[in-house]
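Notes for the one structure printed next.
The values are calculated or read from the model by the stated rules, or taken from the named source; none is laboratory data. The shown structure was predicted, so the numbers you read here are calculated from the model rather than taken from an experiment. Note: ideal-geometry Cβ built from the backbone for every residue, glycine included; neighbour counts use all protein chains shown. All accessible areas refer to the heavy atoms of the entire protein, side chains included, with ligands and DNA or RNA removed. Shrake-Rupley method; radii C 1.70, N 1.55, O 1.52, S 1.80 Å.
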Amino acid sequence: MTTELVSEPEAAIVEGPRRKRRQKLVPYLLIAPTLIFLALFFAYPMVQGLILAVYDDEAVLPVLDKPTIDGNQNGQLPQGSSVEILDRQGNLIEGEVTSDLLTELWFRVSSEDGAQGWAPETRIRVREESSDGTPLIGTVRTKLGAEADPLTDLFEVPNESSEVAAKVEPSVRVAIEDTATLEVWFQVRASGETADELGLVEGWAPSRFVQIFGDEVSGRIDRGTDGVFTTRFVEKMVEDRFFGPAWRTTLILMVLILPIQFVLATLMALVIHARVKANSLFLYIFSIPMGMSDLAVGILFFSIFTGNGLLNSVLEGVGILDDPKVFLSSDTRNWIIAAIVLAELWRATSIVMVIVVSGLQAIPDETLEAAELFGASYWKRVRYIMLPLLKPSLQVALILRTILAFQVFAVVIALGGGEIVTVLANETYRQYFELRNTNVASAYAVFILLMSLASAIFYLRAVRTQQETSGS
Amino acid sequence: MAEIRIEKVSKVFNGAYAVREADLVIEDKEFLVLLGPSGCGKTTLLRAVAGLGMADAGRITIDGRDVTYLRPGDRKISMVFQSYAIFPHMTVRENIGFGLKMNGVSAAETARNVDEAAELLHIEELLDRRPSDMSGGQRQRVAVARALAMKAEVLLMDEPLSNLDALLRLEMRAELKRLLADVGATTIYVTHDQIEALSMGDRIAVMKDGVIQQVDGPSEVYAHPANRFVGSFIGNPPMNFLDGQVVQSADGVRVQVGQSSITPSPTSVSALTDFVGEGVVVGIRAENTEVLNEPRGDAVKVDVRVVEPLGSQNLLTITVGGNLMKVATHPTFETSPGADLWIRFPPEQIRWYDASSHALLVGGPD
Ligand SMILES: Nc1ncnc2c1ncn2[C@@H]1O[C@H](COP(=O)(O)OP(=O)(O)O)[C@@H](O)[C@H]1O
Ligand SMILES: [Mg+2]
């Protein structure tokens, strides 16, 4: 009886926290899928893509001490190095071909006059096959080249270094009696990297990674199988002659656009917030550009600035110009920049405005009325109440717009073609699609990403320190 | 001198009157409470005085100066908002000094006024803190200090205590009353809490549906409600109203309530004579009845329905001639539901109301 009495409250105590903990589990259950989603569809592909900027996955080819896949590594040869070909070996493969080595097909043939032996597929043209694809009849190919021996060697076993069993004339009909698959290895020598030093490396390499020159004794490493981290692509990006101009232009555009944009957006937001008549109409009008793609805006402004476009018509109409002026050409760089600035202002100011409007709406009416009652004129209310309270909104908008400014692309292409005025995003595109240099394109992408991150951190810190210093 | 005159002020929202032809004079240094249920137009009228929502019709003068359409900043007024409307990005010091700074008062004088106001409200140690980490009561003090720092002759307050919890409200009520008496500004104080109104105001203006019903001192408003609405809005429990019939009997004019009849006081007889044969409403407060255990004279027999001991008194719910009413007795008075009880209506405590207009017929304050 007594024990029961004691245990009852204990049970309650044990139950209490457990129930509490279970309630707290729910947010984590919600977070888990989010994290998995982010990892799978965001972080993983992004890292995969960005790693290309600093990682060359075909950089070096390991060469082995014997021509088999389980040989020991003698050293590494970088991609593109010139090699001496010392030897060649074909290993007979039993059964299915599974390795990714280059293979050679050999036929055991016999001619009508009794010659018998093995010859590579390159020397025999298959003429007849059975219904399941097995070659039955072939002819000996003609050798090209004047100095070459016109006869074709037939070997004892399917290996070029074995005994020659017979020689056959070109075009002779042969019966194909058997086939054999060889994997081909080359013994190569070049200066490369041994296990612990740089020096002459000699060893066997699978044939598919080695390109053989016509003389049969020299070649080069076509590509490697092992990756290494490298600054090569980053260096290539920095040394790229378009890198400097692209980076400068991106910054210039940002410096020209953002201040004007924020002043305009704030003024527009104040107009809407002032609850003048038809302010919702203003909101709709101001929001139109948000519904247009940036390329469409670029084309729209191109049509304004073009030879017989709106601008020229107006200028001619009011008599400022006698003939249409060419605004967008290779020697009017500044006009192109001006057009881009205008287009970007037209296109992206409303998104800032929407953020500022929502920030203004978050300020309670009574707060503004209190300021008015205590004698603050409209502009003093803007300065002492609205702008300080808008700081978080402006910060968000500034981060957003700066990041977008680093990515400016379609408007620049539409108005300048991407040659005279180029920006970072355009260079990324050019490297990827025109020059097919995925790694350098990645380096550009990483650069844009780092700049965006740096600017976001800068804004966050700048605003925080300001609050801290004025705080206490 | 800062007398506020509100003359025939109206304000219309979406075609409906929020304030209708309000007439009100608040004398210099007077503390006037604007009392009424939620939505009756108190804030609207106060905002018209403040200039935050201009009147649609009528005239408002402060100290003889027509301010009806003046900007709020030019009216020489100060205000405590219902939500306090503290500036969240400023320290308490900056908040209190804001109005002075906007009005171009010198830094030295601003600092002096800020310190003074902070001292009055005991928030000196909060001066360098931000409102974001302060309690409701502290914000409320900041809001009052900010209003007082202006040293305006007119002070407007919109339900300044309604966002505080009950205990704090009680405490703050007494403190504000003392404080505002010292400051001596002409004050309009809006509230929907009748106890607050009774305890604080020099005079109370009771509003209903945008119309001012009665403007009088607290005791007059309580004892002589100008109509049924005021009687039922002020006082807890509300004033009792019984439907009666004026009859002419052998010994003069009497009022029949159910089976019983009430003798009016000599002063009300003349007024009631006009209503002979018609209905009239009898108004009497719970504590003004005499409750008796046995019949006596003109006492009326009633049924006891509910007995509520409240400590300082017992509240009985009874029925008289089909009307429910509440009467208060001494806490030692013993009775129970279903018991026989007689009550007497002292003639001088009865207020007579018109059966249709619900207006006080006779017995208004002298
Ligand atoms: N800005 C406004 N727009 C439309 N109607 C309003 C506005 N302000 C107040 N009202 C209306 O006016 C009436 C009185 O409101 P208010 O003065 O705030 O009442 P109180 O302060 O007495 O609670 C209410 O019916 C309210 O709905
Ligand atoms: Mg209100």
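Given the condition assigned to a helix (DSSP H, G or I), of a type outside the set (D, E) and at pLDDT below 65, answer yes or no: does some residue in segment A:43-63 qualify? No - not one qualifying residue is present in segment A:43-63. Picking from residues in segment B:49-73 that are in a helix (DSSP H, G or I) and closer than 24 Å to B:E116 by Cβ, the one that is farthest from the other protein chains (Cβ to nearest Cβ) is B:A50.
Scanning segment A:323-363 for residues that are within 22 Å of A:A296 (Cβ to Cβ), open to solvent by 10 Å² or more (accessible area, probe 1.4 Å) and not basic (K, R) returns A:L328, A:W335, A:I337, A:A338, A:V341, A:L342, A:L345, A:W346, A:I351, A:V354. Residues in segment B:274-294 that are exposed (fewer than 13 other Cβ atoms within 10 Å of the Cβ) and more than 28 Å from B:S356 (Cβ to Cβ): B:N293, B:E294.
With respect to the conditions (1) open to solvent by 30 Å² or more (accessible area, probe 1.4 Å); (2) under 29 Å from B:V221 (Cβ atoms); (3) small (G, A, S), B:A271 falls short on a single one, namely (1).
Checked against (1) open to solvent by less than 20 Å² (accessible area, probe 1.4 Å); (2) more than 14 Å from chain A (Cβ to nearest Cβ), B:E124 passes all but condition (1).
Suppose the filter is touching a strand residue (DSSP E or B) at 6+ places or on another chain (Cβ under 8 Å) and surrounded by fewer than 16 Cβ atoms within 10 Å (Cβ to Cβ); does B:A181 pass it? It is true that B:A181 is touching a strand residue (DSSP E or B) at 6+ places or on another chain (Cβ under 8 Å) and surrounded by fewer than 16 Cβ atoms within 10 Å (Cβ to Cβ). Does B:V211 qualify as being β-branched (V, I, T), at pLDDT 90 or above and open to solvent by 50 Å² or more (accessible area, probe 1.4 Å)? It is true that B:V211 is β-branched (V, I, T), at pLDDT 90 or above and open to solvent by 50 Å² or more (accessible area, probe 1.4 Å).
The residue that is farthest from the other protein chains (Cβ to nearest Cβ), among those in segment B:29-48 that are near ligand 1 (Cβ under 10 Å from one of its atoms) and hydrophobic (A, V, I, L, M, F, W, C), is B:L35.
Of all residues in segment B:30-54, those that are in the same structural domain as B:A205 (by TED's automatic domain parsing) and acidic (D, E) have Cβ atoms under 7 Å from Cβ atoms of residues that are away from ligand 2 (no atom under 12 Å from the Cβ) and not in a helix (DSSP H, G or I), 6 or more apart or on another chain, in B:E30/B:T186; B:E30/B:D202; B:E30/B:R203.
Please go through (1) open to solvent by less than 10 Å² (accessible area, probe 1.4 Å); (2) part of a loop (DSSP other than H, G, I, E, B); (3) out of contact with any helix residue (DSSP H, G or I) (no Cβ under 8 Å at 6 or more places or on another chain) for B:G39 and return the number of the only condition it doesn't satisfy. Evaluating B:G39 over (1) open to solvent by less than 10 Å² (accessible area, probe 1.4 Å); (2) part of a loop (DSSP other than H, G, I, E, B); (3) out of contact with any helix residue (DSSP H, G or I) (no Cβ under 8 Å at 6 or more places or on another chain) leaves (1) as the failure.
Does B:E159 fit the bill of being within 16 Å of ligand 2 (Cβ to nearest atom) and surrounded by fewer than 22 Cβ atoms within 10 Å (Cβ to Cβ)? Yes. Answer yes or no: is there a residue in segment A:383-393 that is part of a helix (DSSP H, G or I), open to solvent by less than 50 Å² (accessible area, probe 1.4 Å) and in contact (Cβ under 8 Å) with a residue 40 or more places away in the chain. Yes, some residue in segment A:383-393 is part of a helix (DSSP H, G or I), open to solvent by less than 50 Å² (accessible area, probe 1.4 Å) and in contact (Cβ under 8 Å) with a residue 40 or more places away in the chain.
All of B:R351, B:R305 fail the test of being touching a Pro at 6+ places or on another chain (Cβ under 9 Å) and surrounded by fewer than 16 Cβ atoms within 10 Å (Cβ to Cβ), apart from B:R305. Restricting A:E216, A:E202 to residues that are over 29 Å from the mean Cα position of the chain (by Cα), farther than 19 Å from A:N74 by Cβ and in contact (Cβ under 8 Å) with a residue 60 or more places away in the chain narrows the list to A:E216. Output yes when any residue across segment B:72-80 is modelled with pLDDT under 95 and over 27 Å from the mean Cα position of the chain (by Cα), and no when none is. Taking every residue of segment B:72-80 in turn, at least one turns out to be modelled with pLDDT under 95 and over 27 Å from the mean Cα position of the chain (by Cα). When only residues in segment B:314-332 that are more than 27 Å from B:S265 (Cα to Cα) and touching a strand residue (DSSP E or B) at 6+ places or on another chain (Cβ under 7 Å) count, which is least open to solvent (accessible area, probe 1.4 Å)? This residue is B:N314. Is it the case that some residue within segment B:88-99 is surrounded by 23 or more Cβ atoms within 10 Å (Cβ to Cβ) and in a loop (DSSP other than H, G, I, E, B)? Looking through segment B:88-99, none of the residues is surrounded by 23 or more Cβ atoms within 10 Å (Cβ to Cβ) and in a loop (DSSP other than H, G, I, E, B). Does B:S78 count as touching a residue at least 40 places away in the same chain (Cβ under 8 Å) and either away from ligand 1 (no atom under 16 Å from the Cβ) or open to solvent by 10 Å² or more (accessible area, probe 1.4 Å) (or both)? Criteria met by B:S78.
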